[in-house]
Amino acid sequence: MTWRDAIVLARRSVGRRGGRAVLTVLSVALGAALLSSLLIASDSAKQRVLDQVSEGGPLSGIKVDAAAPSASALDSDNPRPGAARRIDDTALRRIAGLAQVSSVLPIIATPIIALPPTTLPAAAHATSKNDRPLFEAAVGIDLAHVSQLPVTVIAGRLPQPGSQTEIAVTVDFLQRLGVTNANSKALIGTDVMLGAPRVFKNGNERRNRARWTKAEIVGVVSQEAGNGLFVVSLDMARSDRAWTAAGAPIDGIDPDPSEYSALFVVAHGLDHVTQVRAEINGVGYSTSAPESLITQVQRYVHVVELVLAGIGSIGLTIAALGISNAMLAAIRERRREIGVLKAVGAADRDVRRVFLVEAGTLGFTGGLLGAGLGLLVARTLAAVVNRYLASQDLQTVHLGVPVALLASVVVGATVLALAAGTLPAIRAARMPARQAISDE
Amino acid sequence: MASPADVAADPNERAGVAVHATGLRFRYDTPEGELVVLDSIDFDVDAGSVVAITGASGSGKTTLLSVLGGLDRPHGGSVLIAGHDLAQLDRDEMARYRREVVGFVFQDFGLLGQLTALENVELALTFERVSRRQRRARARELLGAVGLGDRLGHRPRALSGGEKQRVAIARALANEPRLVLADEPTGNLDPVATAVVLDMLLRVPVDHGSTVLIVTHDDAIAARADRRMHLIGGRIASA
């Protein structure tokens, strides 16, 4: 008997006992839905936690400071910079050429004087009054490759690459203004005066001046690319930095001769971060990466995933036992049919195949329905959770369609159903032909 | 189906004997002890004949049919059919024997309710890995021959008793069997359907070259067979 013939016969047999088949499929579907919804929820939670840890950047990101490494730099996630050391294009190319390095992006931080808007939109509900200039920094990043940087957009968008007039502000800036994340959208479209400072020295006389730019806030971000309240294009940061550097040193700020303030390196996977950090240290630069934290978080989350998968699997196993029970009952009811199959020449393996295909069909159908139902449940839960998170001024959770996870639930349900159907199928196959046909 | 080589290798067949049983013994183990159902019986059945097996309930006639059909293994003696000694076959060989040598017709028809008439007849060829097209053509031909060419897509529940038994006969003939074994084939039929079904079974040796063994309580049916084998207490009383 071919598999195709077995499938046709099994399908007809399942269809003939529609009520029982529907109930069996539903029990598998519920088990599969429980498992898939738990796994989707834990997967999303893991992504959320890791995003939080990596600030939305790649998990295998490494920050390279314009400083020499210290001896114990590799033992810590946090930077332990030694003496200042310039990062220029040559150093950038050397690091980019290292094995297991996926990408290298430059970061330019430059001092900036900011004049916040004296009148904020009413919708911002600002609780502080800011009519004094802020002496801060702007962080210039490669806005064309922002997905490879630890930057997360909270509201609005990022400035256009190369823009000299668009900026994004950080959450810290919102706090300075007394604006909550929930009201951050209200700031989009308002203007900030940014001044690149410069000290003019004439003998002993020092005069502080600034080159002012009227910049529009186009977005609000959370970022770990550099220390600063404003995210700007690389061109804007480079231009301001050159303007400032052309003057005399600013009191309280060490002159920074480096072409780039830092680099952000992405390794080919979390497993290679330690190796890449060591190689960058070998090139002569201090590094930092949240690899230990991420690894620990992944470990803890994995434990949670295992527990949730275990709970879900119990549901699926109960459903599989239901299949086993239904199959055993079917065999008792279908002794005569088994006898007829044997009378017309079915070998034990043919009978076994028919019953296994029936069990597999129930498991596959239930798994498919359950995976869909699980996704629906997870999305519903996510909607409820997101409403709560939004009300608490927290970043919401994004649920994708985890195709591989859902496929594995379907495969798992089918395999479990096949396992559950094995004993009944063997029992049916081993039934003596005359005993089956006599139906006694 | 048995190959020509099998036929040539079987000295009984060459001698015109379809079934050669010697010392055939079968028993059931019951809580009360061993119950001998077939008690060392010897008989031959001529190829191409129709044999009626009669006897009272419990005389062993259905058990004899089960043994000859490979549904049960004899506990003693030997049964030679189409070159096979049924006492020596293992489970797989027994299944192959049923698939290739025997066709069954049951009192309750034995049709699968989830399949159409056409598919029920095809079923007999499904386990032989005959191509779908070939077995479909064969099933159509046989159902046409039993007058059910217009009932191909009907499920058993939509057929009368006589029609069901005609489907069962078509299925029994699908694998071109040497032996057609019918257990009370008219037991559930009205007189008209009985006559039709009986005529068909009696024509099988002529039309298909098979040997037919019919278990029956009906003397009228037995009277139309070429030979009658009467069992009493597991022994052949008259043949």
For region B:145-156, indicate whether the set of residues that are part of a helix (DSSP H, G or I), at the interface with chain A (Cβ under 10 Å from one of its Cβ atoms) and either touching a strand residue (DSSP E or B) at 6+ places or on another chain (Cβ under 8 Å) or of a type outside the set (Ser, Thr, Tyr) (or both) is non-empty.
no
Of all residues in region B:168-191, which are assigned to a helix (DSSP H, G or I) and closer than 22 Å to residue B:218 by Cα?
B:168, B:169, B:172, B:191
Identify the residue in region B:20-45 that is among the aliphatic types (A, V, I, L, M) and in contact (Cβ under 8 Å) with a residue 60 or more places away in the chain and, among all such residues, is farthest from residue B:74 (Cα to Cα).
B:45
If you go through region A:285-298 one residue at a time, do you hit one that is surrounded by 17 or more Cβ atoms within 10 Å (Cβ to Cβ), touching a Phe, Trp or Tyr at 6+ places or on another chain (Cβ under 6 Å) and touching a residue at least 24 places away in the same chain (Cβ under 8 Å)?
no
Just checking, does region A:233-255 include any residue being at pLDDT 90 or above, over 23 Å from residue A:59 (Cβ atoms) and part of a strand (DSSP E or B)?
yes
Just a yes or no: is a residue in region A:380-395 closer than 23 Å to residue B:129 by Cβ, more than 14 Å from chain B (Cβ to nearest Cβ), at pLDDT 80 or above and not in a loop (DSSP other than H, G, I, E, B)?
no
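Each row is one residue, and each column tells you yes or no for (1) over 16 Å from residue A:372 (Cβ atoms); (2) surrounded by fewer than 20 Cβ atoms within 10 Å (Cβ to Cβ); (3) free of Cβ contacts under 8 Å to residues at least 12 places away in the same chain.
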residue	(1), (2), (3)
A:7	yes, yes, no
A:14	yes, no, no
A:17	yes, yes, no
A:20	yes, yes, no
A:24	yes, no, no
A:28	no, no, no
A:36	no, no, no
A:40	no, no, no
A:45	yes, yes, no
Filter region B:36-78 for residues that are within 14 Å of another protein chain (Cβ to nearest Cβ), part of a strand (DSSP E or B) and farther than 24 Å from residue B:177 by Cβ and give the result.
B:37
Residue count for region B:79-137, restricted to those that are within 9 Å of another protein chain (Cβ to nearest Cβ), part of a strand (DSSP E or B) and not aromatic (Phe, Trp, Tyr):
2
Run residue A:228 past the list (1) in a loop (DSSP other than H, G, I, E, B); (2) in contact with an Asp or Glu (Cβ under 7 Å, 6 or more places away or on another chain); (3) more than 25 Å from residue A:154 (Cβ to Cβ) and report the number of the one that doesn't hold.
(3)
Of everything in region A:361-373 that's of a type in the set (Gly, Ala, Ser) and surrounded by 24 or more Cβ atoms within 10 Å (Cβ to Cβ), which residue is nearest to residue A:426 (Cα to Cα)?
A:363
Going by what's in this entry, would residue A:375 be described as over 24 Å from residue A:332 (Cβ atoms) and not acidic (Asp, Glu)?
yes
Give region A:373-432 a look and list any residue that's in contact (Cβ under 8 Å) with a residue 60 or more places away in the chain and of a type in the set (S, T, N, Q), or say none.
A:395, A:422
Restricting region A:201-228 to residues that are under 14 Å from residue A:166 (Cα atoms) and touching a residue at least 60 places away in the same chain (Cβ under 8 Å), which is nearest to the chain's Cα centre (by Cα)?
A:221
Some residue of region A:340-359 being within 14 Å of chain B (Cβ to nearest Cβ) and surrounded by fewer than 21 Cβ atoms within 10 Å (Cβ to Cβ):
yes
Residue B:118 more than 22 Å from residue A:15 (Cα to Cα) and either in contact (Cβ under 8 Å) with a residue 40 or more places away in the chain or over 17 Å from the mean Cα position of the chain (by Cα) (or both):
no
Any residue in region B:194-210 that is in contact with a strand residue (DSSP E or B) (Cβ under 8 Å, 6 or more places away or on another chain) and part of a loop (DSSP other than H, G, I, E, B)?
yes
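The values are calculated or read from the model by the stated rules, or taken from the named source; none is laboratory data. Bear in mind the structure is a predicted one, so any value in this text is a computation, not a measurement. For neighbour counting, all protein chains shown are included, and Cβ atoms are generated from backbone atoms with ideal geometry for every residue, glycine included.
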